[in-house]
């Protein structure tokens, strides 16, 4: 800490050319994106894509191999009062099981210099007032998630960084969390949240950052996904590699695999794909224009891309790496 007051109210998170290597594994590679205040930003990627590594770098828990993450223009370790700038939930398991919820929060409040009254406020905010005198060891996973969020909110931060905040919440809790995060952002604050619950993300966030194999593959608003006017045809067939080769010979090379075994062919009509398959002797089991939704786009963006060659076509599916 350098003692400077960097809580300027902007709440902007900037990830700039971030790289982190663990031994021979590149968990994050030259990753850059910006998270603006007044928005809920979803941070998405397959297991091992580098999400947790990025969030830990933002919170000063690991040292990047290269690049940096700044909040309000400075690194986390330069914030004079970090708990009053940024609140984080990376793990809802780090509680003393025999400690009562209110006592847990009072200890953290004393550590960051906020009054006990703030403890009562955050307990009410996350719906745990009635459980405040219960021992944390008896809490459900959803209740521990709420307590972790209450801890993050003690300093009344401008920024929230959350890793799977909806894990363990029942439908009512998920709906509450969605409303809370939207309200938090509407107040001009910043939310960066990772999640595998794509349907819920689609109802909560304003924009998404999608990464795969440690690099960014998309950043933008949800309503901008697949709005470039190009044809995208999803095809299930007997021999994907043979079809990809035949398409490549026709100059159609933007061909992507998705985990269910289908291909997504970009910039080609369904008629063209069908004709090429027929000429190549490849049986087609399903052929349709691709539906635009977050789950489908996520799978396409993170599954890797065919690189058709002649005579042999190879393709890659995103591999899991430690994050």
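The values are calculated or read from the model by the stated rules, or taken from the named source; none is laboratory data. Here the structure is a predicted model, which means the values were calculated and not measured. For neighbour counting, all protein chains shown are included, and Cβ atoms are generated from backbone atoms with ideal geometry for every residue, glycine included.
Okay, residues lined up against (1) modelled with pLDDT under 95; (2) buried (at least 22 other Cβ atoms within 10 Å of the Cβ); (3) touching a strand residue (DSSP E or B) at 6+ places or on another chain (Cβ under 6 Å); (4) not in a strand (DSSP E or B):
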| position | (1), (2), (3), (4) |
| --- | --- |
| 31 | no, yes, yes, no |
| 37 | no, no, yes, yes |
| 40 | no, yes, yes, no |
| 46 | yes, yes, no, yes |
| 62 | no, no, no, yes |
| 67 | no, no, yes, no |
| 80 | yes, no, no, yes |
| 87 | no, yes, yes, no |
**Asked** Do you know which residues across segment 13-32 are more than 17 Å from the chain's Cα centre (by Cα) and over 12 Å from residue 67 (Cβ atoms)?
**Response** 22, 23, 24, 25, 26
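A quick yes/no check of all residues on (1) exposed (fewer than 12 other Cβ atoms within 10 Å of the Cβ); (2) outside any strand (DSSP E or B); (3) modelled with pLDDT under 85:
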{"site": "273", "(1), (2), (3)": "no, yes, no"}
{"site": "277", "(1), (2), (3)": "no, yes, no"}
{"site": "282", "(1), (2), (3)": "no, yes, no"}
{"site": "285", "(1), (2), (3)": "yes, no, no"}
{"site": "291", "(1), (2), (3)": "yes, yes, yes"}
{"site": "298", "(1), (2), (3)": "no, yes, yes"}
{"site": "309", "(1), (2), (3)": "no, yes, yes"}
{"site": "323", "(1), (2), (3)": "no, yes, yes"}
**Request:** Quick one: which residue in 130, 170, 156 is out of contact with any strand residue (DSSP E or B) (no Cβ under 7 Å at 6 or more places or on another chain), in the same structural domain as residue 113 (by TED's automatic domain parsing) and touching a residue at least 60 places away in the same chain (Cβ under 8 Å)?
**Result:** 156
**Item:** Subset of segment 179-189 (residues that are surrounded by 18 or more Cβ atoms within 10 Å (Cβ to Cβ) and assigned to a helix (DSSP H, G or I))
**Value:** 180, 181, 184, 185
**Item:** Filter result for the condition that a residue is under 30 Å from residue 133 (Cβ atoms), outside any strand (DSSP E or B) and in contact with a strand residue (DSSP E or B) (Cβ under 8 Å, 6 or more places away or on another chain), over 97, 102, 106
**Value:** 97
**Prompt:** Checking residue 54 against (1) closer than 18 Å to residue 157 by Cβ; (2) in contact (Cβ under 8 Å) with a residue 12 or more places away in the chain, which single condition isn't satisfied?
**Reply:** (1)
**Prompt:** Of all residues in segment 148-172, how many are buried (at least 19 other Cβ atoms within 10 Å of the Cβ) and either closer than 24 Å to residue 137 by Cα or within 18 Å of the chain's Cα centre (by Cα) (or both)?
**Reply:** 15
